[in-house]
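Enquirer: This structure is in C-alpha cells; I'll ask about it shortly.
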Amino acid sequence: MNEAVLFLQALGRVIAASRFYAEDHPARQRAGEDSFERLLRLLEVDAQPRYTILDGEVVYQQRVLSEFRGWEWGRRLERAGIRRIEFDAGASHDEFERFCQEIIGRLGSTPPSALARQFGESHIRFGDIEIEEARPALVEEGPGGERRVGIDAEAAAVRWLYEEVSAGREVPIIEAEIIVRCLAAAMHRDRDMLLPLLELRQFDEYTTTHASNVAVLTMALAEYLGFGPAEVRTLGVSGLLHDIGKTRIPKDVLTKPGKLTPQERVTIETHTTEGARILLGLETSLDVASVVAYEHHLLIDGTGYPALQTSRASHYASQIVHVCDVFDALCTHRPYRAAWTPERAMATIVADTGTSFVPELVEAFQIMIASTGMQRQPMPDDVTG
C-alpha cells in the first residue's frame, strides 16, 4: 500500500477521532501524531502531494484511488466545499494541526475562522478546485443589452491543458473534468440555456477555441438527446479532448495559411491515432474519450480517417462529437477560408446526412441549435493557444 493511501487513511482516523474525543484526549492526539508522521513519509516520496475529490472519487495527482471508492469522509469533505487538498515539502507540525482543526471545523459546520483566512501562505492548502463552478457576475450584459456568459477562466484553463500536453506532460484529466463542469454550469447560468462559444481572433488560438466550443456543443446535444448528467459530462470531456492528438502535430503545419501538401495532409490526419495513444496511456480510464479521439473523422459511409481494415460503424459518442466538430470548424475562421454563417454550415451538414452524418443526430442538432441561444465571444486578451 503506497504512502498516499496510508496518509489519507490516517487523516480519516483523525477526523473520526474528533467525533468521539475531546481535542486533548490521548486517542485523538495519537491519531494526529500518526497522521503527521504519515504526511512526512509521503513528502519524502512526493514533494507536492495533491488530492482531489470529485463526485465521491478520490484522486491522487492524476490517479483514482480505488481504495477510497465510497469513502464516507470523501463525500462529507466534498459537501463541505473541500475538493482539493495540497501539501508542499516543509509542512510543519503546527501547520498540520491548524489544518486538521479547520477540516474538523468545516465538517462540523463551523464557519471558517480568521486563522483559516490566513492559511493561504501555509505549506498546506485546501478548499474548492481552481476553477470554481459558481463565480460572481455569472451573466453579464453586453453593450446592446444582450446576455453574455463569461467563460474567460475556462478558456485560459483549456489553453493551459493543451499546453501541458504539448510540452510532453500527461493529460491533466481532473482539470479537464472540472473545465467541462464549469462550461456546463455556464450554459445554465440564466433562465434559458445559452451556448457560450469562443470566437477566434488569430489563427493560433484555434486549438483552444475549438476544443471549448466542441465540448459545449456536445454537451448541449447530449442533453437534448436525453442523456443523464454523468453521460453528458463524459461526452463533454470527449469533446474537449477530441483533438488532443494535434499537440503532436508541428504548429507550422496546423496553422499553414495555404493548401496542404499531400504529406502535410497525412501528417494532420495522424492526430486521430496520436490522440487515442495519448488518452489510452493514462492510468485513469478514458475509454470513451480515446475512442472519440480515434474515430471523430470517420464517416458513416465507411470513408474518412484513419483508414480501417474492416469497415464498421463508429461509436455513438464519436458520431455526436463529429457533428459538433464539423459545425464549429465551418463556423470558424481558418487560414484558408473565412468563417461560414451557422445557416450555411447547417445546410452543408444536412446535405451530407446519410453519408457523413447520422440522420437522427443531424435532426436533433438542428432543433437544439434553433431552440438554444448561441453566443460567440472573443477569447480573453491574455489567452492564446
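The values are calculated or read from the model by the stated rules, or taken from the named source; none is laboratory data. Since the structure is predicted, the reported quantities are computational estimates derived from the model, not experimental observations. Here the Cβ is made from the backbone with ideal geometry for all residues, glycine too, and neighbour counts use every protein chain on show. Each accessible area value is taken on the protein alone, full model and side chains, heavy atoms only, with ligands, DNA and RNA left out. Shrake-Rupley method; radii C 1.70, N 1.55, O 1.52, S 1.80 Å.
Enquirer: So Val216 passes all but one of these: (1) touching a residue at least 40 places away in the same chain (Cβ under 8 Å); (2) in a helix (DSSP H, G or I). Which condition number does it fail?
Expert: (1)
Enquirer: So, in region 46-61, how many residues would count as being in a loop (DSSP other than H, G, I, E, B), open to solvent by less than 20 Å² (accessible area, probe 1.4 Å) and within 18 Å of Arg233 (Cα to Cα)?
Expert: Step one: list which residues in region 46-61 are in a loop (DSSP other than H, G, I, E, B), which gives 46-49, 55-56, 61.
With the extra rule that they be open to solvent by less than 20 Å² (accessible area, probe 1.4 Å), the set shrinks to 49, 56.
From what is left, the residues that are within 18 Å of Arg233 (Cα to Cα) are 56.
Selection size over region 46-61: 1.
Enquirer: What residue, among those in region 333-352 that are among the β-branched types (Val, Ile, Thr) and surrounded by 13 or more Cβ atoms within 10 Å (Cβ to Cβ), is nearest to Ala215 (Cα to Cα)?
Expert: Step one: of region 333-352, the residues among the β-branched types (Val, Ile, Thr) are 341, 348-350.
Retained after the next criterion (residues that are surrounded by 13 or more Cβ atoms within 10 Å (Cβ to Cβ)): 348-350.
Numbers: Thr348: 21, Ile349: 18, Val350: 21 Å.
Out of the qualifying residues, it is Ile349.
Enquirer: Among residues belonging to region 320-332 that are aliphatic (A, V, I, L, M) and open to solvent by less than 10 Å² (accessible area, probe 1.4 Å), point out the one that is farthest from Ala222 (Cα to Cα).
Expert: So in region 320-332, the residues aliphatic (A, V, I, L, M) come out as 320-321, 323, 326, 329-330.
Restricting the remaining residues to those that are open to solvent by less than 10 Å² (accessible area, probe 1.4 Å) gives 320-321, 323.
Numbers: Ile320: 8, Val321: 10, Val323: 12 Å.
Filtering first and then ranking leaves Val323.
Enquirer: Give me the pairs: first residue in region 353-364 and open to solvent by 20 Å² or more (accessible area, probe 1.4 Å), second residue among the charged types (D, E, K, R), beta-carbon distance under 6 Å, and six or more apart or on different chains, which are they?
Expert: As it stands, the answer is Thr355/Asp301, since those pairs meet every condition given.
Enquirer: Please specify each residue of region 275-319 satisfying the condition of being of a type in the set (Gly, Ala, Ser), open to solvent by 40 Å² or more (accessible area, probe 1.4 Å) and touching a strand residue (DSSP E or B) at 6+ places or on another chain (Cβ under 6 Å).
Expert: Result: Gly304, single match.
Enquirer: Now, a different point. For region 231-273, how many residues are part of a helix (DSSP H, G or I) and open to solvent by less than 50 Å² (accessible area, probe 1.4 Å)? Walk me through it before giving the result.
Expert: Within region 231-273, the subset part of a helix (DSSP H, G or I) is 231-241, 244-248, 251-254, 262-269, 271-273.
With open to solvent by less than 50 Å² (accessible area, probe 1.4 Å) added as a condition, the list becomes 232, 235-241, 244-247, 253-254, 264, 267-268, 271-273.
Within region 231-273, residues that are part of a helix (DSSP H, G or I) and open to solvent by less than 50 Å² (accessible area, probe 1.4 Å) number 20.
Enquirer: Just checking, how many residues over region 62-118 are modelled with pLDDT of 85 or more, over 24 Å from Val5 (Cβ atoms) and loosely packed, with under 13 Cβ neighbours inside 10 Å?
Expert: The number of residues fulfilling the criteria is 1.
Enquirer: Only one of these is part of a helix (DSSP H, G or I), touching a residue at least 60 places away in the same chain (Cβ under 8 Å) and among the small types (Gly, Ala, Ser): Ala4, Ala31, Ala17. Name it.
Expert: On the way: Ala31 fails: touching a residue at least 60 places away in the same chain (Cβ under 8 Å); Ala17 fails: touching a residue at least 60 places away in the same chain (Cβ under 8 Å).
After ruling out the rest, the residue left standing is Ala4.
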